[in-house]
Amino acid sequence: MTSRLFTPITLRELELANRIVVSPMCQYQAVNGAAQDWHLMNLGQYAMGAAGLVFAEATHVAPEARITHRCLGLWSDETEAALARVVNFCREHGVTALAVQLAHAGRKASCDPPLSGGRPLGQEQGAWTTLAPSPIPYDEGWHVPTALDLSGMARVKQQFVQAAKRAARLGFDVAEVHAAHGYLLSEFLSPMSNQRKDAYGGNRENRMRLLLEIFEAVRAVWPKARPLGVRISASEWVEGGWNIADSVALAHELKAAGCDFLDVSSGGNHPKQAIPLGPGYQVPFAERIKTDTGITTMAVGMITEPRQAEDIIASGKADMVALARGMMFDPRWAWHAAEELGADTAYARQYARCHPSGRPQVFPIRQVAS
């Protein structure tokens, strides 16, 4: 059997060795936006594990764009230098391509980290003003955000542009604009959180406007040879909210603007979302968008088993699969998947001695496909 999961994929001038992606995972270990030893360890372990592409965690474009005080950022020389140390380590020792996700938390900013409760900060905890399309809080007890005016939107756009320039200098192979999970650009897309009366609210075309403008501005400064994608929430899982038909329409527009892939997630913008969790529950969204628009898609969400991932790719439901918790549980997931599927994948030089071909006397050989 030839594994489809372990076939290469080309995005612009970048060839990824396989279709496995390490998804962005917030770690809440940054200090004033700057990466620390934790980030070097965390991303370093994934860079050794032979996925085709490894994402750094959500990287915020301004201090006020962070979800928490401990979120990673890329808005200053200090934050750029701190992240450079991590990227350089992964580049020197790892065997994967590297990606950055540029993010703005919008009305879901100014919160405690999840392990501290994840609730909105009080003034005594250093809360800051949150931003949104409309002054509608995420939920009861959350901060009432300030609605962005035209100058505010222009400022946010430039924050994304400047962060993209810094990411390009750092040498990231891929960039992604975060427009999912109820964060700022997702809030603009949704009729639940965007109740503006100007050119950025009302009908779907208007609600897509800011994301498309930011994407085009980032695409203009991001190196032409390097892929640029967008993460979206394909559905809000709430009646009257953003849905898969809206996402298909957005995918057409993004593809026309030069978007190289869509990272297809869902939910996050409404506290009453009703998500039917289960293995691969978001895969049908990626499949629908891929089928209807032809854009390259990345499926994410409770993809945990090698044969499950293989089926998603082999059956054409998506072009790539992204894992988060599965990678936390097993940072060598790609090695083990290759072994199970009868494929091969790269090993970091320092770890080459543990390749299955070189260890029959030491470790039991896993059952592999014939």
Looking at (1) out of contact with any Phe, Trp or Tyr (no Cβ under 8 Å at 6 or more places or on another chain); (2) touching a residue at least 60 places away in the same chain (Cβ under 8 Å); (3) open to solvent by 10 Å² or more (accessible area, probe 1.4 Å); (4) assigned to a helix (DSSP H, G or I), which is the one condition that is false for Thr129? (4)
Step by step: first the residues of the stretch 158-194, then only those that are open to solvent by 10 Å² or more (accessible area, probe 1.4 Å) and assigned to a loop (DSSP other than H, G, I, E, B), then the one that is farthest from Ala234 (Cα to Cα). Which residue is that? Gly171
Output the residues belonging to the stretch 219-258 that are β-branched (Val, Ile, Thr) and touching a Lys or Arg at 6+ places or on another chain (Cβ under 9 Å). Val221, Val238, Ile244, Val248
Check whether at least one residue in the stretch 27-37 is modelled with pLDDT of 95 or more and either part of a strand (DSSP E or B) or of a type in the set (Lys, Arg) (or both), and report yes or no. yes
Step by step: first the residues of the stretch 243-258, then only those that are in contact with a strand residue (DSSP E or B) (Cβ under 9 Å, 6 or more places away or on another chain) and open to solvent by 10 Å² or more (accessible area, probe 1.4 Å), then the one that is farthest from Ala164 (Cα to Cα). Which residue is that? Lys255
Only one of Thr297, Thr304 that is of a type in the set (Ser, Thr, Tyr), touching a Lys or Arg at 6+ places or on another chain (Cβ under 6 Å) and at pLDDT 95 or above: Thr297
Quick one: is Arg107 part of a loop (DSSP other than H, G, I, E, B) and either open to solvent by 20 Å² or more (accessible area, probe 1.4 Å) or in contact with a strand residue (DSSP E or B) (Cβ under 9 Å, 6 or more places away or on another chain) (or both)? no
Sort through Val21, Val95 and tell me the only one that's among the β-branched types (Val, Ile, Thr) and crowded, with 24+ Cβ neighbours inside 10 Å. Val21
Any idea which residue in the stretch 208-242 is nearest to Asn194 (Cα to Cα), counting only those that are touching a strand residue (DSSP E or B) at 6+ places or on another chain (Cβ under 8 Å) and assigned to a loop (DSSP other than H, G, I, E, B)? Trp242
Does Arg85 count as surrounded by fewer than 22 Cβ atoms within 10 Å (Cβ to Cβ) and under 23 Å from Leu323 (Cα atoms)? no
So which residues in the stretch 271-291 are open to solvent by less than 40 Å² (accessible area, probe 1.4 Å), farther than 15 Å from Ser23 by Cα and either in a loop (DSSP other than H, G, I, E, B) or in contact with a Cys (Cβ under 9 Å, 6 or more places away or on another chain) (or both)? Gly278
Could you please find all residues in the stretch 233-242 being open to solvent by less than 20 Å² (accessible area, probe 1.4 Å) and among the small types (Gly, Ala, Ser)? Ser233, Ala234, Ser235, Gly241
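Here is a yes/no grid of residues against (1) within 22 Å of Thr345 (Cα to Cα); (2) in contact with a helix residue (DSSP H, G or I) (Cβ under 8 Å, 6 or more places away or on another chain); (3) surrounded by fewer than 16 Cβ atoms within 10 Å (Cβ to Cβ):
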position	(1), (2), (3)
Gln27	no, yes, no
Asn32	no, yes, yes
Ala50	yes, yes, no
Arg70	no, no, no
I'm checking my understanding of the structure. Among residues of the stretch 292-326 that are among the small types (Gly, Ala, Ser) and part of a loop (DSSP other than H, G, I, E, B), which one is surrounded by the most Cβ atoms within 10 Å (Cβ to Cβ)? Ala318
Going by what's in this entry, would Lys197 be described as on the phi < 0 side of the Ramachandran plot, without any contact (Cβ under 8 Å) to a residue 60 or more places away in the chain and open to solvent by 30 Å² or more (accessible area, probe 1.4 Å)? yes
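The values are calculated or read from the model by the stated rules, or taken from the named source; none is laboratory data. No experiment lies behind these values; they were computed from the predicted model shown. Cβ sites come from the backbone with ideal geometry, for glycine too, and all protein chains shown count toward neighbours. Ligands, DNA and RNA are excluded from the accessible area calculation, which covers all protein heavy atoms including side chains. Shrake-Rupley method; radii C 1.70, N 1.55, O 1.52, S 1.80 Å.
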